[in-house]
Every structure is written in C-alpha cells, then in structure tokens.
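Below you'll find the structure, written out as structure tokens, and then a few comments.
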Ligand code: HEM
C-alpha cells in the first residue's frame, strides 16, 4: 500500500521544522536578553518587570508551552537529521578533513547538548526549584537579588559566560544555514549572508555576557 509522504518524512520537511522552531527560540532569546538588560536600570524596575511577567498567567503559560514544544521539536528533529546523515554513509571516512567547515559548524554538534545542559542548570538556578548558588536565600519575588547574588559567585558567572559563547556560535551557524537553505546564493546577498549571522551571534552572546561580568566587576550591585 502506498504511504503518503508527510512533512516529517522528508529531509526538507525536517529542515523546515528545525528552522521554524529555531526562529521561535531565537525570538525568545533576543526578547529575554532585552528584558534582562533592564537589570542595569536598578532593582525596582527589574523586579517590576519580573512581576509583570509572572502576573500575566495566560502570557506566561502560553509562552512556556510554545517554548517547550519548540525545544522538543528542535532537538528531536535535529537529532533525527544527524542520525540520518550518518546512516546515509554506513562506511565512515578513513580520514576526516574539515576543509569547508568552520569552527562554528563543528561546535553545532557539541554546542546543542551544551546549551541543553546549560538550560537545565539555568532553570534550576533561577526558576524551579530556585537553587541559591552562594550564601544567600533564593527569593520568589526579589529576582534582582537572586541575579546579583548568583553572579557574585565566580564559577556560576563562568558557566554563564561559557554557555553564551556556545549559544553565540550556535545562533551564528544556525542563521547562516537558514539563509543558505532559503537559497540566498546571489552575490548581491553575500554581505548580508556573512554579516547578519555574525551580528546576531555576537549581539546575543555579548549582551548576555555583559550581565554576569557587570555583577562580578561591581557595576551592578
Ligand atoms: C546571562 C544570560 C541570562 C540571564 C542573566 C538570564 C536570566 C534569567 C532570570 C533572572 C530568569 C528568572 C526570571 C524570574 O524568576 O522571573 C530566567 C528565566 C529563564 N531563562 Fe534566562 N537568562 C539568561 C540566558 C538565557 C538563555 C540563553 C536562555 C535560553 C537558551 C534562557 C532561558 C530561560 C527560560 C526558559 C527561563 C524560564 C522562564 C519561565 O519562567 O518560564 N535564559 N532567566
């Protein structure tokens, strides 16, 4: 009996799912960073921002469900694509030469799991159950206090900084691949194709790294 091909059965369909869910997660990461940068405005403004998010349950839970579904689809579909590519060549290469690949492309494979581990650590630290990483008590309302006390601990700040480097490379390579898949191969788009992913990767990693460093250096207290 002939089976109808669903979107998920084709490589291009899977790539589309990875791209769309990647874009949703990209959007979240940028909005989350811009929201967090309000920490530079002081405790009142930052805690008021956090309280507004928590005080709007339909918005909060709607965003959580969309994010969770996107993360699951993004990870599961990427893993399926990786295993399919590997099984398409059952005999491995005798010697691998990464001539056309970039360090960002290599970190894609290791960066994904690293970001997933970071996310679990990050949620346990700030959201649920809220694990104090130093000599302070986690507060459900004083998010500014959790933020400052958490990043005062150098190894915690170091984990955040390292994770943002992985994230920046992942966003850089992810957006580069997306532009490639969209077929922007005309020379006129060469500069956009090169610079947009660099600006996005550097912008997100830089903005996120700024926050733990600002606490460690005493700019945010
Ligand atoms: C230095 C970078 C980051 C800082 C300072 C930061 C800060 C925070 C803070 C303070 C919260 C808790 C907010 C609250 O209790 O109201 C939070 C929650 C969260 N963060 Fe981050 N974050 C960073 C990077 C990231 C990244 C890169 C991701 C995703 C890859 C991420 C995903 C989340 C998620 C999913 C939540 C839970 C939101 C919810 O309540 O459902 N964060 N973050």
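Computed quantities for the displayed model
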quantity: Leading residue by the ranking (farthest from residue 6 (Cα to Cα)) among those in segment 25-78 that are away from the ligand (no atom under 12 Å from the Cβ) and surrounded by 17 or more Cβ atoms within 10 Å (Cβ to Cβ); calculated: 78
quantity: Selection within segment 178-194 - part of a helix (DSSP H, G or I), without any contact (Cβ under 8 Å) to a residue 24 or more places away in the chain and under 18 Å from residue 24 (Cβ atoms); calculated: 179
quantity: Members of segment 127-167 found to be under 22 Å from the mean Cα position of the chain (by Cα), more than 21 Å from residue 219 (Cα to Cα) and either within 9 Å of the ligand (Cβ to nearest atom) or in contact (Cβ under 8 Å) with a residue 40 or more places away in the chain (or both), listed by number; calculated: 127, 128, 130, 163, 165, 166, 167
quantity: Candidates 162, 104, 88, 95, filtered to the one that is at pLDDT below 95 and surrounded by 11 or more Cβ atoms within 10 Å (Cβ to Cβ); calculated: 104
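The values are calculated or read from the model by the stated rules, or taken from the named source; none is laboratory data. Quick caveat: nothing in here was measured; it's all calculated off a predicted structure. Using ideal geometry, Cβ is built from the backbone for each residue, glycine included, and neighbour counts are taken over all protein chains shown.
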